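Below is one structure; the comments refer to it alone.
The values are calculated or read from the model by the stated rules, or taken from the named source; none is laboratory data. These numbers were taken from a predicted model, which means no experiment stands behind them. As a convention, Cβ positions derive from the backbone with ideal geometry for all residues, glycine included, and neighbour counts pool all protein chains shown. For the accessible areas, the whole protein counts, side chains as well, though only heavy atoms, and no ligand, DNA or RNA atoms are used. Shrake-Rupley method; radii C 1.70, N 1.55, O 1.52, S 1.80 Å.
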Amino acid sequence: MDASFLPAALAAHAPVLGVVVPLFMAAVLVAVPNGRFAWGVVLASTVFALFIAFELVAQTRLSGVVSYQLGGWAPPHGIEFRIDELNSVIVLLIGAMGVLSAIFALPSVADEISPGKRGLFYAAFLVCFSGLNGVALTGDAFNLFVFLEISSLGTYALVAMGHQNDRQALTASFNYLVMGTIGATFFVIGVGFLYMATGTLNMADIARIVVDMPGNRVVEIAFAFILVGVGLKAALFPLHLWLPSAYSFAPNFVTVFLATTATKVAFYVIIRFMFDVFDPQSAFVMMSLTWVVMPLAIAGMILASAQAIFQTDARRLLAYSSVAQVGYMMLGLGMGTAIGVSAGVLHLLNHALMKGALFMALGAFAYSYGVRRISDFRGLGQALPGVAAAFTIGALSLIGVPFTVGFVSKFYLVQAALANGWWWAVAAIVFSSVLAVFYVYRILVVMWVHPAPEGRERIRPVPLMILVPLWILVAANIYFGVHADFMVDLANAAAQAAINAEAGS
């Protein structure tokens, strides 16, 4: 990744183009709300953003940190986009999942969204996509809040559009809006306290100043508000109550994209503030890791997995599973070490591959047979063997079966826990994985063993536009489960960029 992926003129402005271009194209789609044209614009925008992401990964590999000044005003007084090997990986994930989700969207959105609303639906998606990129790229704390709200506004609209299939989507969207607003309020209050203490909003500048302010109560209050606010956005247990309904009633395309990006970006923000903006060696941060983050991570891993066992709707089951997987990520973060953060980031990347494949497979079942409840999956293994096999591989990866990315993530989490001497954390990982066996087993048995009900007819065959991104993700689950070096290197570089030399491991 030492060569530029873009012409020099574009490469020089790569940090801002990944935000500006999708946002501008969203405005175009509002003016020209044609569904097929809108899908083409979305695909082109996400492909462009993916190339931008590759460019940023290449630039950070060469120079470590890329700083882009907006409006010609030098930081810390001007707004800065600041990219290192942590957020360049997140932008790469957003771009890759944006492209695969966009391919999946053509038949899926046509099936679930009425023709007159598809252009506006895709416009809302680009608003969300642009906002997520902005959250990952900005180096300004207040602008991070702005981009967080831009992405959230698009998300609320996208979830609500599921009302054409189930009117509970409106309630889910409203609950998401209320909880998201509470989280954003906590976050911006925390940013206000930080500005009160430091006199700056530039995150690198804040980090430089707070190191010399140990024990400052205003800084500690700011940390608490920010952790709660972003923890809600990340669906950290028990702040996850918005997520199951949002994932269950949103259109399938929306669930695929949100499950693979939204909580991951929020998790990135937690890493950025906890290990980069604030001093990770301060007593307050270390106590928060030990007595807040770690217990909530363990609770989420176990209790959310237990809740998943009793769900009757397949998407709701996977939603609770996502809450548990956030627990795994937070477990790595709570260790407070470089190897722990690296394991958390690795699980972030791998979980996107798992859940993307699983939710796409559920979307294929819904497209072809109109089924969502687990009891209706009877005989789908014989009726749709390719999709069922893809779902099975994704499910095995979720459990952590060897030769899948799920195993790689859990292996590194166990290593990080053992390095700290935390045998009880290893026990929690194993126990949560056993619970995952139970809820995955429920679906696989119904799908492969139970006979199909009499009289059930296929609505339509599954199109290639669904099968291609589905099997790309399934292949990635296997390939990176066997050849894990690339993903591990990305996670290690991201962890080192976040935790820095002084935090150590």
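In table form, for the structure just shown:
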read-out: Residue-by-residue Karplus 3J(HN,Hα) for region 296-304, coefficients 6.51, -1.76, 1.60, Hz, glycine and proline x; value: 5, 5, 5, 4, x, 4, 8, 5, 5
read-out: Exposure rank, largest accessible area first [L10, L56; 1.4 Å]; value: L10, L56
read-out: Ordering of 38-47, 481-490 by packing [mean C-beta count within 10 Å, highest first]; value: 38-47, 481-490
read-out: Two-site label geometry, W73 and T290: point separation in nm, points 7 Å out along Cα→Cβ; value: 4.2
read-out: Computed E for R61/D166 - FRET, C-beta separation, R0 45 angstrom, nearest 0.05; value: 0.50
read-out: Cα-centre dipole for the chain with unit charges at Cβ (Lys and Arg positive, Asp and Glu negative), debye to 20; value: 1340
read-out: Size descriptor, Kirkwood hydrodynamic radius, that averages inverse alpha-carbon separations across region 261-409, Å; value: 16.5
read-out: Highest-first arrangement of 93-104, 113-124, where packing means the average Cβ count within 10 Å; value: 93-104, 113-124
read-out: For G400, residues with placed amide H under 5 Å, excluding near neighbours; value: F407
read-out: For region 1-160, alpha-carbon Rg over 2.2 N^0.38 Å; value: 1.04
read-out: Computed lengthening from Y479 to R373, 0.36 nm per intervening residue step minus Cα-Cα distance; value: 35.1 nm
read-out: Check: region 1-102 dipole with +1 on Lys, Arg Cβ and -1 on Asp, Glu Cβ, in debye; value: 260
read-out: Helix-only CD estimate at 222 nm, as mean residue ellipticity for the chain, using -39500 (n - 2.57) per DSSP H run (n ≥ 4); value: -24500 deg cm²/dmol
read-out: Rounded Å value of the spacing that divides the Cα centres of region 364-412 and region 432-505; value: 8
read-out: Karplus-derived HN-Hα couplings along region 99-105 (A = 6.51, B = -1.76, C = 1.60, θ = phi - 60°), whole Hz, x at Gly and Pro; value: 5, 5, 5, 5, 4, 4, 5
read-out: Lys, Arg +1 and Asp, Glu -1 on Cβ, resulting dipole of region 307-505 about Cα centre, debye, nearest 20; value: 640
read-out: In order through region 241-255: 3J(HN,Hα) via Karplus (6.51 cos²θ - 1.76 cosθ + 1.60), integer Hz, x for Gly, Pro; value: 4, 6, 6, x, 6, 4, 5, 6, 10, 6, x, 4, 4, 5, 4
read-out: Å² per residue, accessible surface of region 1-53 at 1.4 Å; value: 48
read-out: For region 307-505, accessible area per residue (1.4 Å probe, heavy atoms of protein chains only), Å²; value: 37
read-out: Sequence ranges 137-144, 434-441, 275-282, ranked by mean other-Cβ count within 10 angstrom, highest first; value: 137-144, 275-282, 434-441
read-out: Heavy-atom accessible surface of the chain: percent carbon and sulfur, 1.4 Å; value: 69
read-out: Cross-link pairs K117/K264; K233/K355; K264/K355 - those with Cα-Cα distance over 21 Å; value: K117/K264
